[in-house]
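Everything below concerns the one structure shown next.
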Amino acid sequence: MPSQRPESLTTLLARLAASGTDFLLVGGLAAAAQGTALTTVDVDVVHRRDAENVRRLLAFLQSVGARYRGRPPGQVLRPTEALLLGEGHQLLSTDLGQLDVLGAIEGGRDYASLLPESVELTVEGQRVRVVKLETLAALKRGSRSPKDQLVVAMIEQALRTRDRG
């Protein structure tokens, strides 16, 4: 069973960055990396969906034993180039933890549209582009999910704290 310790998730993220794949960190880990008091059990990324980048991503996924979550025992399904080129969500387990590879997120936002709304952080010596807290909050505000509403409140608290500092 893959470890869900936070250090495994940061190792997963750093190894993805080292692979040369173009992606943006989104979701709970993106918020936590920018000072929000969130915990998470996965890494969520939006990747650039062109053939060359998807080939790098696929090679990385193969190196960490990526397979789709929720499959019956003994029915391992691996990601493919065709699926990674699409807008859909690839919900994966890896040898280092859970990784959600997203072609697009709320409102059809993809890598190109989110890139200007990102900042660069360093994770285990690797540069990682992370979607800004303000953008993460805006993406979740329209959701009716109680979990998303809680996340928005936590992000907004972190923004207020940061702005006062």
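The values are calculated or read from the model by the stated rules, or taken from the named source; none is laboratory data. None of the values given here were measured: they were computed from a predicted structure. Cβ placement follows ideal geometry from the backbone for every residue including glycine, while neighbour counts extend to all protein chains displayed. For accessibility, only protein heavy atoms count, side chains too; no ligands or nucleic acids. Shrake-Rupley method; radii C 1.70, N 1.55, O 1.52, S 1.80 Å.
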TODO: Within the stretch 119-165, track down each residue that is in contact (Cβ under 8 Å) with a residue 12 or more places away in the chain, open to solvent by 90 Å² or more (accessible area, probe 1.4 Å) and either closer than 19 Å to R109 by Cα or under 17 Å from the mean Cα position of the chain (by Cα) (or both).
DONE: E124, R127
- [ ] Consider G65 carefully, then state whether it is in contact with a helix residue (DSSP H, G or I) (Cβ under 9 Å, 6 or more places away or on another chain) and on the phi > 0 side of the Ramachandran plot.
- [x] no
Open item on the list: I need the full set of residues from the stretch 130-160 which are assigned to a helix (DSSP H, G or I), of a type in the set (S, T, N, Q) and over 18 Å from T39 (Cα atoms), in order please.
Closed with: T135
TODO: Residue by residue through the stretch 119-138, note down the ones that are under 18 Å from D22 (Cβ atoms) and of a type in the set (A, V, I, L, M, F, W, C).
DONE: V119, L121, V123, V128, V130, V131
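Yes or no, residue by residue, for (1) free of Cβ contacts under 8 Å to residues at least 24 places away in the same chain; (2) assigned to a strand (DSSP E or B); (3) touching a helix residue (DSSP H, G or I) at 6+ places or on another chain (Cβ under 8 Å):
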{"position": "A59", "(1), (2), (3)": "no, no, no"}
{"position": "R78", "(1), (2), (3)": "yes, no, yes"}
{"position": "A82", "(1), (2), (3)": "yes, no, no"}
{"position": "V101", "(1), (2), (3)": "no, yes, yes"}
Open item on the list: Among the residues that make up the stretch 24-46, is at least one of them modelled with pLDDT of 95 or more, surrounded by fewer than 21 Cβ atoms within 10 Å (Cβ to Cβ) and farther than 20 Å from K147 by Cβ?
Closed with: no
Open item on the list: Restricting to the stretch 47-60, give me the number of residues that are open to solvent by less than 40 Å² (accessible area, probe 1.4 Å) and either among the aromatic types (F, W, Y) or under 26 Å from K132 (Cβ atoms) (or both).
Closed with: 5
Task: Candidate set from the stretch 61-111 (those that are β-branched (V, I, T) and within 24 Å of K140 (Cα to Cα)); member that is surrounded by the most Cβ atoms within 10 Å (Cβ to Cβ) - done: V101
TODO: Among the numbered conditions (1) at pLDDT 90 or above; (2) farther than 22 Å from G103 by Cβ; (3) open to solvent by 30 Å² or more (accessible area, probe 1.4 Å), tell me where A14 comes up short.
DONE: (3)
Task: Output for the stretch 103-129, where each listed residue is part of a helix (DSSP H, G or I), modelled with pLDDT of 95 or more and small (G, A, S) - done: A112, S113
